[in-house]
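First up is the structure itself, then whatever we jot down about it.
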């Protein structure tokens, strides 16, 4: 892993000198955002720049405060890639969205995402950690599914 970081650093310096485009900083190549869908569900999203990809099996989430707890997230399927370093892997291009379930409600949480990705021109980044503070809406009675149809009143 260390040699990959060294190669990435050397290429980042050498490519501009050779007239090649420079790689984006990881926080721009893999923009992480999160928002509350309801008091116990967070939508976590990576916006992945063109020419970059994230490894599906290198994505991990955690929450602070830890006592709020996260359910085990279900990651969407990725596209299969034969990777020169990791063999047959699943990757995401464009975007990747994951719903994170909170075990207990709170007022706000910090979602931490660890991920690792690469640039198509041959640079792989070391694992990155990004954090987003998410205010949570107040719980109002019993939870209802987000896609439940609205109830009609007798006046309609």
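Values quoted throughout were computed directly from the atomic coordinates according to the rules given, and no laboratory measurement underlies them. Bear in mind that the values here come from a model prediction, so they are computed numbers and not experimental data. Note that we place each Cβ from the backbone using ideal geometry, even for glycine, and neighbour counts take in every protein chain shown.
Worth pointing out:
- Ranked by the mean number of other Cβ atoms within 10 Å of their residues, highest first, the peptides 63-72, 115-124 come out as 115-124, 63-72.
- More than 16 angstrom apart: percent of Cα pairs within the range 24-135: 56
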